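Values quoted throughout were computed directly from the atomic coordinates according to the rules given, and no laboratory measurement underlies them. These numbers were taken from a predicted model, which means no experiment stands behind them. When we count neighbours, we look across all protein chains shown, and the Cβ atoms used for this are built from the backbone with ideal geometry, even at glycine.
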């Protein structure tokens, strides 16, 4: 009723008073009247369809948005629009229904839920249209056929289907949903399929058989009598064994076809005859080993009306030798003028001819070469140039993906020969990666910089706002032997705004990297960086070179195997501010003797976890105060809960400065493993009346739990390692 005028509100109030409630067990009459009125005032048929259709699913079910879109297209609810437009429309409607409290938010991505009370009302509204047996409504036998004739939709989910009658007469049935039933492999007699000639939407899905490495479908073969369903517009058959597809050839009205998770025993020749097809979903499909591919040559090229093509492999099945689209000719995409969405994995580079470019797609998940993310997100590109003989492809082969870069959200590049930088060698247009959120670069042995300003001839612009990598949130670089810094040279102001939204930065195996925060120019500051991981970068001697290098939002810092790292900081420690740091983990940094001075430690008020492991020369976490430094008397680690000290052979204590007293009001867990020189925890321990560790009841030393019970923690440490020394000497 939002946005309605006063007269409409008065009319609604009158209708609410006159409303006749339906007798639903356990439901208050006023609740029913309000929900029914909310339904009556839904604005259009699309909204009413989505609301009512959701009652076909079990209680508390996570209803996939994509299913609603595909069903709606099959039933003609979304007319004269592209599939992506229908998807956007459905998402808008669902959000409105959530705001009206008719739908609930699901914890599953791209799903929605319906409250059981709302579902009961929806079922009562559709009682003459929808027959529902789902989730606990035990289905023992089919009702009288005459009683079923009036229904336009039939839904049986999470149940057990009785044996089908020999024949059916469903003159009005438009939707049939059979999913997650215990005997889903039960074959439909020909007479049943013949009796559903008005059917527009057919969904059939069941359970799996689990083998050690993959999941195998239990369904029977594709029914030859599907050819009787000539009005079918949406056909979704998941987890099938698909043999002869001849029956599909007669479904001239079919617009949506999905065989997701199925195994093909014969090539799907008949798909080429589906001249009305708009969406083909073959994700997670496979085929018998005697076949080269699921799709014979030129099948896809003949689907002139297809808008969306899904051939992604996410399951471990893709690890086996059989690749379902190994011989697919990528040039078959060229004649598909309406194509807007593609997901596929191309393992063999020979399938991409020189000069080929992908069309300008709106939605895509494309992996070329080995690797790729099993759970890749929308608008994802992976390009691995490593071929079977361990040679790397030349950078010129990247040209095929350039049309996709302006819409790419997730980009992964690896094993490319001759790639020295991303800007300008690979990309010279400053706007090409304007929406990129995640960038992963690995094993490009010649890559020196992400951006090389000295090589980039940047044309002037009147834009006051940056576009180059301005949406980037995650940057991971690994095994880049020539990488010296992220950027080289000074850039114009609008380019210097690159990476300002970066939240996660990871360097791994970059042997020439000498400065983590080498910037474009002084304006660039990673003000939103939250996570920094650096490992196996043996040229690094420090992490923070100047005050501005310390990101103000940094909450997690992990350093691993930095063999030349002598200090965390190079700048004056009085200026170093890590006030939001929550997790600090340092492993195998053998040149470090101390981690921080007290002047910097006093700004670690949010630190929650501290892990120090295998740092051979480390003597203490905090250095003793030096003459001329800011004098500190008390240090409070107010939020530190976990402290782990492992394999530190020269560690003498957390801090050995007698001028400092400490408090850890939140400390609950302390673990010390193989730190033989640790004869004290800190030099000064608070008295029992003013306990510095009120929550710490026990510490673990070399795997042994030791109860404190009021004992000074220093005495525990002295006693533990003194005993160990005596035993060893003995």
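Please order 142, 168 by the number of other Cβ within 10 Å, starting at the fewest. Walk me through the numbers before you get to the answer.
Details: 142 14, 168 19.
So the residues, fewest neighbours to most, are 142, 168.
Quick one: Cα centre-to-centre distance for region 267-296 and region 54-68, in angstrom?
Rounded to whole Å, the Cα centres lie 28 Å apart.
Measure off 7 Å from each Cα along the Cα-to-Cβ vector at residue 141 and residue 590, then give the distance between these two points in nanometres to one decimal.
Distance between label points: 8.0 nm.
For a paramagnetic label modelled at 7 Å from the Cα of residue 608 toward its Cβ, which residues of region 634-674 fall within the zone defined by backbone nitrogen distances under 12 Å?
639-642
Within the P(r) computed for region 44-108, what percentage of the Cα pairs occupies the region above 18 Å? Walk me through the numbers before you get to the answer.
Details: 601 of 2080 pairs.
Cα-Cα pairs of region 44-108 separated by over 18 Å account for 29 percent.
Round to the nearest 0.05 the FRET efficiency obtained for residue 639 and residue 512 when R0 = 30 Å and r is the Cβ-Cβ distance. Present the calculation step by step, with values, prior to reporting the outcome.
Details: r = 37 Å, r/R0 = 1.24.
Rounded to the nearest 0.05, the efficiency is 0.20.
Mind sorting 556, 141 by how few other Cβ atoms lie within 10 Å of their own Cβ, fewest first?
Details: 556 17, 141 7.
The most exposed by this proxy come first: 141, 556.
If the label point is 7 Å along Cα→Cβ of residue 504, which residues in region 537-571 have backbone nitrogen under 20 Å from it?
Label zone hits: 537, 551-561.
How far apart, in nanometres, would the label points at residue 43 and residue 116 be if each is projected 7 angstrom from Cα along the Cα-to-Cβ direction?
Going by the 7 Å Cα→Cβ label model, 3.3 nm.
Sorted from fewest to most neighbouring beta carbons within 10 Å, what does the list 288, 611, 204 look like? Please list the in-between numbers first.
Details: 288 12, 611 16, 204 19.
Least crowded to most crowded, the residues run 288, 611, 204.
Relative contact order of region 560-671: what whole-number percent is it, with Cα pairs under 8 angstrom and at least 6 residues apart? Please list the in-between numbers first.
Working: 260 pairs, mean separation 28.3, N = 112.
Result for region 560-671 is 25 percent.
Between residue 570 and residue 164, with labels modelled 7 Å along Cα→Cβ, what's the label distance in nm to one decimal, could you check?
7.4
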